Structure formats: C-alpha cells, structure tokens
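Below is one structure, written out as structure tokens; the observations come after it.
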Amino acid sequence: MADTTEQPFTVAVSDTDLELLRKKLDLVRLPDELEGAEWNYGVPLADIKRLVAYWKDSFDWRKAEAGINKLPMFTRDIEVDGHGTLNIHYVHQKSEVKNAIPLLFVHGWPGDFLEVKKVLPILTAKSDEHPSFHVVAISLPGFGFSEAPKKPGFAGRQYAEVFNKLMVALGYNEYVYQGGDWGHILGAHAVTHYGHTNIKAWHSNMPFYRAPKFFSNPLLFLGMLTIPFDTVTKTRLAHSMKWQSKGRGYFIEQATQPQTLGYSLSDSPVGLLAWIYEKLVDWSDKYPWTEDEGRLLEWISIYWFSRSGPAAAGRIYYEMTSQNQHDVLEGTKYSSVPLGASYFPGELVRLPKSWTSMLGNVKFEAEHDKGGHFAAYEQPEKLAGDLRKMFGKGGPAHGVVPGKNGYD
Amino acid sequence: MSNSTEQPFVLAVPDDDLALLRKKLDLVRFPDELDDAAWSYGVPLADMKRLVSHWVNGYDWRKSEAEINKLPMFTRDIDVHGFGTLNIHYVHQKSEVKNAIPLLFSHGWPGDFLEARKMLPLLTEKSPDHPSFHVVALSLPGFGFSEAPKKPGFAGRQYAEVFNKLMLSLGYNEYVYQGGDWGYILGLHAVTHYGHKHIKAWHTNVPSVGPPKLLSNPLVWLSSWLSSSNNSSQAKHGNARNWRTKGMGYFMEQATQPQTIGYSLTDSPVGLLAWIYEKLVTWTDGYPWTDDEVLEWISIYWFSRSCPAAAGRIYYELTGQNTHDTKAGTKWMSVPLGVSYFPGEIIPTIKAWSSMIGNIVFESEHDKGGHFAAFEQPEKLAGDLWKMYGKGGPAHGVVFGKNGYD
C-alpha cells in the first residue's frame, strides 16, 4: 500500500497522567449509603471502596500496559466525508493461514477493543477442523486510542465509512463483521452501506431489531398479537423490560446531555468507575469480576486514559439518536447479506427470535445457556465456536469471501 | 415547648472541607468539546472553565456563609415513624405581626432552603396593604443541612410527617404551605395526610397534572380534547418542551440508580457543578446568574450535611424506582389551593386541567419567571400569596386567629 499512514502503536501513558490519577484517588470523597441497599440503588459502597483501594495501592498500570502492547496494534489516518481525518487505532492480528477470512470486530459502550483479546487466539488459530480469520479489532472513533470526531453529526454512516475504509486500506476489500452493543447497531449501518459490495456476511451477539409494524411485517405483527408468547419468550421479554425500566438512565443522559455528564466522568476516577462497573456487573452473566479485579481496573483505565477522554465516548448515544429523537437503527435497511445471530441469556435486551429475521437474512443461529452482554469476553469459546460453525466447511456462510474461505 | 430539641444553627464548614475542595479544584481534568457545541450537548466548556476559575480564585465561601448565618436558622429532632429520628434544619423567620399566617416553604431538586431568602422580607414585613406570614423554610431530609434518611422507603408520607411535626413543634397547629418542584409533589402528599386538620390552604408555582382520564374526569377531558392546541405562554416559551425531550436524563438516572451517579456528584465538584448548573440555566427564564450566585448554590450541595448523593434518592423513593408516578398515594382534597403559572416553568401545566389537582381558589399567570420562581421572581410570587391570603382574598383567614394582620 503506497502512501499509507499506518504506524505501529504502543500504549504509553505519561507519568504525569499516572500521577494525576493517583492524586485524585488519594482525595476521593465517597457518599453514604442506605442500610441494606446492596445493588438496589446502584453500585454498592463496599464494592467501590474495595476497588478504589485496589486501584490506589495494588493495581499496576504499567504491567497492564505491557500486556496490552503485546497485541499487534497500529494507527492510521482515515478520512471521513465532512469530518476531516481521524487517526484510528486498531489491533490487526493475521492468521498464519493465508486464506483466512478477514473479520472486523467492533465493540460498544462501555466496551473497548480489548474485548477481542480472548477470542483472538481462537479465531486466528490454524486447524483442519475449523476456519481461521485475520482479525481487525478497532477502537471506535471517540473510544480507546482512536481520535474522536470534532464536529457534530458523526453517526451511523460515518462509522460505517471508517470501518470500510480501514478494511480496504488493510487490503481486505471483502470481509465479514462481528459485533455486539454498538457493534451490532453499527453493523446494521455498515451492512446497509457496504453490504454485498464489501461486507459479505455479519454476525451479532445482540441481535435486536425493532418490533414488527403492521405494514412492513404483517405476518410477524399478527403473530405478535394473536399467538401467546411461549414461556421462554415471555421470560426474555420480562428480562428486557427490567433494562427498560431500571437500567436506562445512562442511555437517556448520554443521548441528551453527554457533555454535562462528561465533566464528572473526566474529572472523577471513582465516578467513572461506578458508571461503568454498574454495567459490567449488571449486563454480564454473573461474570466473576471479583476474581478479575486487575482486568476490571484495566477496563476502567482504558476509559480514563483514552485518547479523547471519557466524555467523548458517550456522544455516540446522542449522535445515533439525534438527541433521543429517533431510534438507533434509523437509516438502516434490511439487507440480504447473510447474518448470524448468537443468543446469550444474560444479554440485556432479549426480544423474540422471530423478530431477528427483520434485521437481516438469518442464516445461522445459536442459543447458549451461559454468557451475557460482553459475550466475547465472558464466553470466548462459545462466541468463537459460533463463528467457526457459521463460516466453516459446511457452514451457512462458508466461502462468502472469494478466495478467503478460512483454510489453506 | 418542653423537651424541645431545637438548637440555633450556625453554618460553619470546617477548614479541612474547604481545603479538600480546593485541592480537588486544583486537579480538575476537563473534557474536550465538539466544535460550536454551545448548549446542544450539555453545559458548554467555556462556562465550566470560567466558573471553576472563579471558584478557585474569586469566590469567597466564608463571605457566603456569614450572609447565610444572618438568617434565623435552627435544627431540631423530628421522629419519623419507622425511620427513627432525623435532625431537621430550617429557617424560622417570624413576622412582627403577631397574627401572621404560619407558612411552610418547601424547596425541590436541585433547590435548597435559600430559595425562600428573597421572599422572606416580603412575606414577613408588616403592612396595612397586605398580610404577613411567619415563614418556616426547611431543608428537606437529605438536602442542605438536614439529616438524610438512613433506610429505604422514605417517601411522600414520611416527608409529610416531617413537615407536620415540624410545624406543630413550632406551635403552628394550623398552617399554610407553599412549594414548587418536589415542594409541589410533597405538598400533594402533605395535604392528603394533613389537609383541613392542619394544612388549611396551600399554593404551588408548579400546578402540574397529567392528562385527564376519561372515566374519572370526563368533562375536563372533553374540554381539553375539544379546545385548540394549548396556546399558553408556557407552551410558547420552550422550557417545558425542552425538559421533556432533552432534559430528563437526570430524572431517569436519579430515579433508577441514584447511588451510581452519587459517586460522581460526591467526588467531583466540577461534576456536581455541571449537573446542577445545567438546570439552573435551562430551567430559568433568562435569569442573569452571577458566578457567585451559582457557586454559592452548588456549594450548599457540596457542603451538605449528608452528601450530594443523598438528595437524588428522592426521585427513587417517590417513584418506586421508576415504577409509578410521584403523585401515587395522593388524593384530591378540597383544601383551598392557589396556583401561579410562570412561562419558563419546565413541568407542563395546562390550566384547563388544574382543577384536577385540588380546590383551586386562586390563579395567577405571569409573563416572566421560570421553575425557581421564588428565587427568580420573588415579588411576583410573594405578591400572589399576598393576594391569595389578603383581605378580600379567597383564602383570607383560613388559619383561625392568624389572618395575617394585627
């Protein structure tokens, strides 16, 4: 590739930044708590006290940094129509299998590129039994170590443009896509603009779509009205309602006043910790964070030390809903690009599986009995296993990328 | 009053607390901002930088404190059924008019007891032309300098109990009530439990009520259905529409996860400043905030007796963690009610529906003023209370033997 702006990337937080964090942690002022509150009012005080102490006294950022720097990371400039140039950060791990399938992995909020860490070795491993992938895991603009947009209006079309230009720049004119959370939503946008021409298939671990409307999907709509939901579906819907009634404060604030909230998240490490930790616990399927506190604080630290600061990330909610005026799938279209869907029981929105067929051309489905919203991190073998089945020999999306079927 | 636990209250923030605030402000880390964002994404960065700079270099808390201490303030223990004893802080300003009307003023969020400050001289002064009041302005439990509840479930009934026991302990067996924001909602609860017997009349500057239900209020439903679109000055102003469409994030978060946001608000003065300042600006009607006014207001939250996190719990408790309306548990009461409409009020009010709140005996509409009416337009609001309770007014003499005149 001539004239490439690709640079190898290493995370190197300055001593000054580390020192500032330490000074702030030393001055932490904690609230009181109601008796017996536990998780009923938000993150429990005992958890925060323990995590702040760990962060101050035991957590070794330099060690975490060194571990992250073992990943093959890069940055390059991507031009986005109307938004100038953004310097984008990504992991690019090639398989030794030359004809491995190029796969773009996209995180969400409060996620980051490191969610790919556990699936990376599984997806890139060579074997006769399963396909291999060349994996690109991006930091979304405004997250992790990618630059943030500077102007208003950076939404679905723009993210899709970044994805496609990045993959094409890496020599992957045709590729497949995997995502959950915003990764799922942005996948629907990416496939709308680049499906078939570039994106040959995609997979989601949060396969939600809008409820069926009478005129666009009359059969599904009627099914919704007349056929009583089975117990399993009712349980799934009840689970979704819980998020709807008790877990959406973060969404509404970030969709309407992300800058106001941003002052807290930028200035207070404990405020940032609580804001994200609540979701890491609430949205995962009983993931044992207490046994993984180093990784947990590394997760928070990615936000704290992010290139644009913690406030930038929340703007995605604002831009993708035009300040809460429409839903996040606005501007997407049904595409016949093959779609794979994996259902994890702890996922925060669990809608009837029949609705997924409105999202796309469902060719692969898998249901699991364990795992939540952060599927790649919580259940890497299950998620990678689904991708292997979907794209492997005999699988419904085998060979979608000409010349790169995953086997040599 | 024998066995009174009333103590005079003097605000005296420890030097250590001031020093901690200063240290935190010195370490402030600001976010970036999108080009030309102005107020579109939240509080503008330029406003925040200016306010923080003034907080560090110019604002004098000790001066604010000395001024606040000129108010006659007290604390006393109030026993709340099932919640033990809460030590409650209040201003108690008596009029020289012996038969002044006892009035309880209740603030809301992000308000505080000082919202009554500008009205105090107007309400307590003696005059042949208007009635006088003995004013009690409390810090709600969990706000300002009142203790916070320690257990879950402190809701409408409990706040009403605090109000009534406080007024009774001050010798006011019968009294009137004024409030906006939570002061309005809690007024509904207070009147439900203590109306007629103790609360003889009440007034609100936020007469908000939901759409009338066909079966319970058929005539009002029909008239609102038939009338042309709500052409009120509030509808034209924009504050109310903006609140519903863009300004509900704080409500949702505080109603569902107040502890989570509480960590930010307790730990970061800048975070607290932004969270509250956004409302001070977007909920008022062009009020010319000075930086000193803003910083004093935020400081009350920062130095509050509990912590800034405690205040937001009122949203959770009064909505059952977002499962029911704040008015659940209240009843329509025939206690005389006065309402004032201000164009910049954020909570939608429709005059045709106000009769569903209570027994409206007084109505007043203004062309200026917003959500913090007592603070923004003290003369207008006090003037409304004068008219409502004055000689010839619809609530004149509601409190036996205390009609506001000697």
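The values are calculated or read from the model by the stated rules, or taken from the named source; none is laboratory data. None of the values given here were measured: they were computed from a predicted structure. Because the Cβ atoms are built from the backbone with ideal geometry, glycine has one as well, and the counts that use them run over all protein chains shown. Surface areas here come from the heavy atoms of the whole protein model, side chains and all, with no ligands, DNA or RNA. Shrake-Rupley method; radii C 1.70, N 1.55, O 1.52, S 1.80 Å.
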Query raised in the report: Counting only residues that are buried (at least 20 other Cβ atoms within 10 Å of the Cβ) and assigned to a loop (DSSP other than H, G, I, E, B), how many does region A:133-173 have?
Result: 15
Query - Residues of region B:318-353 that turn out to be open to solvent by less than 30 Å² (accessible area, probe 1.4 Å) and assigned to a helix (DSSP H, G or I), as a count - result: 2
Query raised in the report: Taking region B:322-381 on its own, how many of its residues are under 21 Å from B:Tyr250 (Cβ atoms) and β-branched (Val, Ile, Thr)?
Result: 5
Query raised in the report: If the Cβ limit is 6 Å and pairs must be 6+ apart or interchain, which residue in region A:311-329 that is assigned to a loop (DSSP other than H, G, I, E, B) pairs with which residue that is of a type in the set (Val, Ile, Thr) and surrounded by 22 or more Cβ atoms within 10 Å (Cβ to Cβ)?
Result: A:Gln323/A:Thr256; A:Asn324/A:Thr256; A:Val328/A:Ile185
Query raised in the report: For region B:362-398, what are the residues that are over 18 Å from B:Ala137 (Cα atoms), assigned to a loop (DSSP other than H, G, I, E, B) and either touching a His at 6+ places or on another chain (Cβ under 6 Å) or open to solvent by less than 10 Å² (accessible area, probe 1.4 Å) (or both)?
Result: B:Gly369, B:Gly390, B:Ala395
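Filter region B:262-286 down to the residues that are open to solvent by 20 Å² or more (accessible area, probe 1.4 Å) and in a helix (DSSP H, G or I), then identify the one that is nearest to B:Glu67 (Cα to Cα). Step through it out loud before you land on a result.
First pass over region B:262-286, keeping only residues open to solvent by 20 Å² or more (accessible area, probe 1.4 Å): B:281-282, B:285-286.
Restricting the remaining residues to those that are in a helix (DSSP H, G or I) gives B:281-282.
On the way: B:Val281: 24, B:Thr282: 27 Å.
Among them, the one singled out is B:Val281.
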Report summary line: Subset of region A:53-66, residues without any contact (Cβ under 8 Å) to a residue 40 or more places away in the chain and surrounded by 14 or more Cβ atoms within 10 Å (Cβ to Cβ), comes to A:Lys56
Query raised in the report: Which of the residues that make up region A:290-310 are at pLDDT 95 or above and in a loop (DSSP other than H, G, I, E, B)?
Result: A:Phe305, A:Ser306, A:Arg307, A:Ser308, A:Gly309
Query raised in the report: If you go through region A:392-407 one residue at a time, do you hit one that is in contact with a Pro (Cβ under 9 Å, 6 or more places away or on another chain) and either part of a helix (DSSP H, G or I) or charged (D, E, K, R) (or both)?
Result: yes
Report task. Could you list, in sequence order, all residues of region B:56-94 that are within 14 Å of another protein chain (Cβ to nearest Cβ) and either among the charged types (D, E, K, R) or in contact with a Ser or Thr (Cβ under 9 Å, 6 or more places away or on another chain) (or both)? Result -> B:Leu86
Query raised in the report: With respect to the numbered conditions (1) under 30 Å from A:Ala311 (Cα atoms); (2) at pLDDT 95 or above; (3) open to solvent by less than 10 Å² (accessible area, probe 1.4 Å), which one is the sole condition not fulfilled by B:Gly238?
Result: (2)
Report summary line: Checked region B:1-27 for anything within 14 Å of chain A (Cβ to nearest Cβ) and over 30 Å from the mean Cα position of the chain (by Cα); matches are B:Lys23, B:Asp26, B:Leu27
Requested in this report: Write out, first by first residue and then by second, each pair whose Cβ atoms fall under 8 Å of each other, whose residues are 6+ apart or on separate chains, and whose first residue, in region A:27-52, is more than 8 Å from chain B (Cβ to nearest Cβ) while the second is part of a loop (DSSP other than H, G, I, E, B) and among the aliphatic types (A, V, I, L, M).
Outcome: A:Lys49/A:Leu30; A:Val52/A:Val28; A:Val52/A:Leu30
**Report entry** Selected residue (criterion: farthest from the other protein chains (Cβ to nearest Cβ)) from residues of region A:253-289 that are open to solvent by 20 Å² or more (accessible area, probe 1.4 Å) and in a helix (DSSP H, G or I)
**Finding:** A:Val281
Report summary line: Counting only residues that are within 14 Å of chain A (Cβ to nearest Cβ), in a loop (DSSP other than H, G, I, E, B) and either small (Gly, Ala, Ser) or touching a helix residue (DSSP H, G or I) at 6+ places or on another chain (Cβ under 6 Å) (or both), region B:287-317 contains a total of 4
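Residues of region A:180-197 being of a type outside the set (A, V, I, L, M) and either closer than 13 Å to A:Val328 by Cβ or open to solvent by 20 Å² or more (accessible area, probe 1.4 Å) (or both), which ones? Reasoning before the result, please.
Residues of region A:180-197 of a type outside the set (A, V, I, L, M): A:180-184, A:187, A:189, A:192-197.
Hits for region A:180-197 are A:Asp181, A:Trp182, A:Gly183, A:His184, A:Gly187, A:His189, A:Thr192, A:His193, A:Tyr194, A:His196, A:Thr197.
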Query raised in the report: Can you name the number of the only condition in (1) more than 17 Å from A:Phe208 (Cβ to Cβ); (2) in a loop (DSSP other than H, G, I, E, B) that A:Ser336 fails?
Result: (2)
Query raised in the report: Of the conditions (1) open to solvent by less than 10 Å² (accessible area, probe 1.4 Å); (2) out of contact with any Pro (no Cβ under 7 Å at 6 or more places or on another chain); (3) of a type outside the set (Val, Ile, Thr), B:Ala66 fails just one. Which one is it?
Result: (1)
Query raised in the report: Of the residues that sit in region A:12-26 and are closer than 18 Å to A:Leu272 by Cβ and in contact (Cβ under 8 Å) with a residue 12 or more places away in the chain, which one is nearest to the other protein chains (Cβ to nearest Cβ)?
Result: A:Lys24
Query raised in the report: Would you say A:Ser95 is of a type in the set (S, T, N, Q) and surrounded by 20 or more Cβ atoms within 10 Å (Cβ to Cβ)?
Result: yes
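Just to be sure I understand, how many residues within region B:15-57 are of a type in the set (Asp, Glu) and surrounded by 13 or more Cβ atoms within 10 Å (Cβ to Cβ)?
The initial filter retains those residues of region B:15-57 that are of a type in the set (Asp, Glu), namely B:15-17, B:26, B:32-33, B:35-36, B:47.
Right, trim to surrounded by 13 or more Cβ atoms within 10 Å (Cβ to Cβ) and you get B:17, B:32-33, B:47.
Selection size over region B:15-57: 4.
Specify which of the listed residues (A:Lys242, A:Lys234, A:Lys213, A:Lys246) is modelled with pLDDT under 85 and within 14 Å of chain B (Cβ to nearest Cβ). Walk me through how you get there before you give the answer.
Details: A:Lys234 fails: within 14 Å of chain B (Cβ to nearest Cβ); A:Lys213 fails: within 14 Å of chain B (Cβ to nearest Cβ); A:Lys246 fails: modelled with pLDDT under 85.
A:Lys242 is the lone residue from the list that is modelled with pLDDT under 85 and within 14 Å of chain B (Cβ to nearest Cβ).
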Requested in this report: Say whether the condition of being without any contact (Cβ under 8 Å) to a residue 12 or more places away in the chain, more than 7 Å from chain B (Cβ to nearest Cβ) and open to solvent by 10 Å² or more (accessible area, probe 1.4 Å) is met by at least one residue in region A:295-307.
Outcome: yes
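Each row is one residue, and each column tells you yes or no for (1) modelled with pLDDT of 95 or more; (2) among the aromatic types (Phe, Trp, Tyr); (3) surrounded by 21 or more Cβ atoms within 10 Å (Cβ to Cβ).
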site: A:Met73; (1), (2), (3): yes, no, yes
site: A:Glu79; (1), (2), (3): yes, no, no
site: A:Gly82; (1), (2), (3): yes, no, no
site: A:Thr85; (1), (2), (3): yes, no, no
site: A:Ile88; (1), (2), (3): yes, no, yes
site: A:Asn99; (1), (2), (3): yes, no, no
site: A:Phe105; (1), (2), (3): yes, yes, yes
site: A:Val119; (1), (2), (3): yes, no, yes
Query raised in the report: Given (1) open to solvent by less than 10 Å² (accessible area, probe 1.4 Å); (2) under 23 Å from B:Arg29 (Cα atoms), where does B:Asp291 come up short, assuming only one miss?
Result: (1)
Query raised in the report: With A:Phe74, A:Phe59 as the choices, which residue is among the aromatic types (Phe, Trp, Tyr) and in contact with a strand residue (DSSP E or B) (Cβ under 9 Å, 6 or more places away or on another chain)?
Result: A:Phe74
**Report entry** Restricting region A:5-34 to residues that are part of a helix (DSSP H, G or I) and touching a Leu at 6+ places or on another chain (Cβ under 7 Å), the residue that is surrounded by the fewest Cβ atoms within 10 Å (Cβ to Cβ)
**Finding:** A:Lys23
Query raised in the report: Inside region A:114-132, can you point out the residues that are farther than 19 Å from A:Glu378 by Cα and touching a Phe, Trp or Tyr at 6+ places or on another chain (Cβ under 8 Å)?
Result: A:Asp128, A:Pro131, A:Ser132
